[in-house]
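Have a look at the structure below, then the notes.
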């Protein structure tokens, strides 16, 4: 029993150290200062609509080219997003990628 | 591309031929009652699905997730559970089938109808196929699982069958940690059986799972289920603990999830092996 508890404690410590904020960074942590409302909507769509079917993917796992050519169009179609939601989520993903380029 | 086409080839005729073949000749005469209607109905559903729809998958067939369907989304789920290897009865074998239709009433509330739960059971004394129950299930999402927060949902289910009535409640939790998910279901169940519904029992279940999504389409994981039964709601029966791996695949408009469960306790009257397969198709 003691071993199980220690294992669980270690596991939750490991989990607690994972930085999940980088999966979909909050808008106020990005360098962008324009279209904040649209970016907020884009993040909301990203973390709440995409997760209906799968986990929110860490945005920086894929390049801008991959998002534009392979992912975004197909996912917007499958998720049946409105025009406004589509523009917002695309803008949010671009803002996150641009932000990561500036930081690196 | 939907399930009914593969590499640009229309699979409908092949699926129908396959279903009829399994139905007519591949199965022993005795089993025909189980598969007589199953495959044709299942493939008719596949034929009816539209292409390029989203699908709300399950990452493990033994646990529920606090993820509800999008408003207006409708999904058909086919369940098959095989139970075998009972120490108290070497001939024991049971197939459980469920035909379920799920409907997203709002983005946070979904209803499901078990059109029919039916079973084929073989024991040392008998072998028969029978209708078991129909049911209604509701899931209300309190908080969506996403990187910001813990996902939580309430689950309720009412089952009714011949000399059978059941109420079930669950608390569903899920924490999404990038590609890893932690799931926990707490279940409490009350069951009444018999001609006068006078045989009652309760059950409490704790189920845990950890899953890993290497890509959005593929999920692998492991789960542990700890069941405690209370016959007549009085004394506690033996605990049963089962563990096993799971794998799920999500595609265009359909998904599949399969997981075996191995009993790690030593209860002779419970099956040592259970395998559950779920296939979901979106309309």
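For region B:71-81, the set of residues classified as surrounded by fewer than 18 Cβ atoms within 10 Å (Cβ to Cβ) and more than 12 Å from the chain's Cα centre (by Cα) consists of B:71, B:72, B:74, listed by residue number. The set of residues from region A:46-68 being outside any loop (DSSP other than H, G, I, E, B) and either more than 7 Å from chain B (Cβ to nearest Cβ) or loosely packed, with under 15 Cβ neighbours inside 10 Å (or both) comprises A:46, A:50, A:59, A:60, A:61, A:64, A:65, A:66, A:67, A:68. Summed over region B:94-108, residues that are surrounded by 17 or more Cβ atoms within 10 Å (Cβ to Cβ) and more than 11 Å from residue B:136 (Cα to Cα) total 8.
A count restricted to region A:1-45 and to residues that are outside any helix (DSSP H, G or I) and at pLDDT below 70 stands at 4.
Filter region A:77-102 down to residues that are within 13 Å of chain B (Cβ to nearest Cβ) and either buried (at least 20 other Cβ atoms within 10 Å of the Cβ) or at pLDDT below 90 (or both) and give me whichever is nearest to residue A:38 (Cα to Cα). Break it down into steps so the answer makes sense when it comes.
Let us first name the residues in region A:77-102 that are within 13 Å of chain B (Cβ to nearest Cβ), namely A:77-82, A:85, A:96.
Those left that are additionally either buried (at least 20 other Cβ atoms within 10 Å of the Cβ) or at pLDDT below 90 (or both): A:77-80, A:96.
Working: A:77: 19, A:78: 21, A:79: 18, A:80: 18, A:96: 13 Å.
Among residues in region A:77-102 that are within 13 Å of chain B (Cβ to nearest Cβ) and either buried (at least 20 other Cβ atoms within 10 Å of the Cβ) or at pLDDT below 90 (or both), the one nearest to residue A:38 (Cα to Cα) is A:96.
Kindly check whether there is at least one residue in region B:153-167 that is surrounded by 14 or more Cβ atoms within 10 Å (Cβ to Cβ) and within 12 Å of another protein chain (Cβ to nearest Cβ). No, region B:153-167 contains no residue that is surrounded by 14 or more Cβ atoms within 10 Å (Cβ to Cβ) and within 12 Å of another protein chain (Cβ to nearest Cβ).
None of B:242, B:248 is part of a strand (DSSP E or B), within 15 Å of residue B:57 (Cα to Cα) and either away from chain A (no Cβ under 13 Å) or at pLDDT 95 or above (or both) except B:248.
Inspect all residues belonging to region B:112-129 and state whether any of them is modelled with pLDDT of 95 or more, within 14 Å of another protein chain (Cβ to nearest Cβ), within 24 Å of residue A:54 (Cα to Cα) and surrounded by 15 or more Cβ atoms within 10 Å (Cβ to Cβ). No, the conditions are met nowhere in region B:112-129.
Which one of B:139, B:225 is more than 14 Å from chain A (Cβ to nearest Cβ) and in a strand (DSSP E or B)?
Working: B:139 fails: more than 14 Å from chain A (Cβ to nearest Cβ).
Only one candidate passes the filter, namely B:225.
The values are calculated or read from the model by the stated rules, or taken from the named source; none is laboratory data. Being a predicted model, the structure only gives us computed values, none of them experimental. Neighbour counts run over all protein chains shown; Cβ positions are idealised from the backbone, glycine included.
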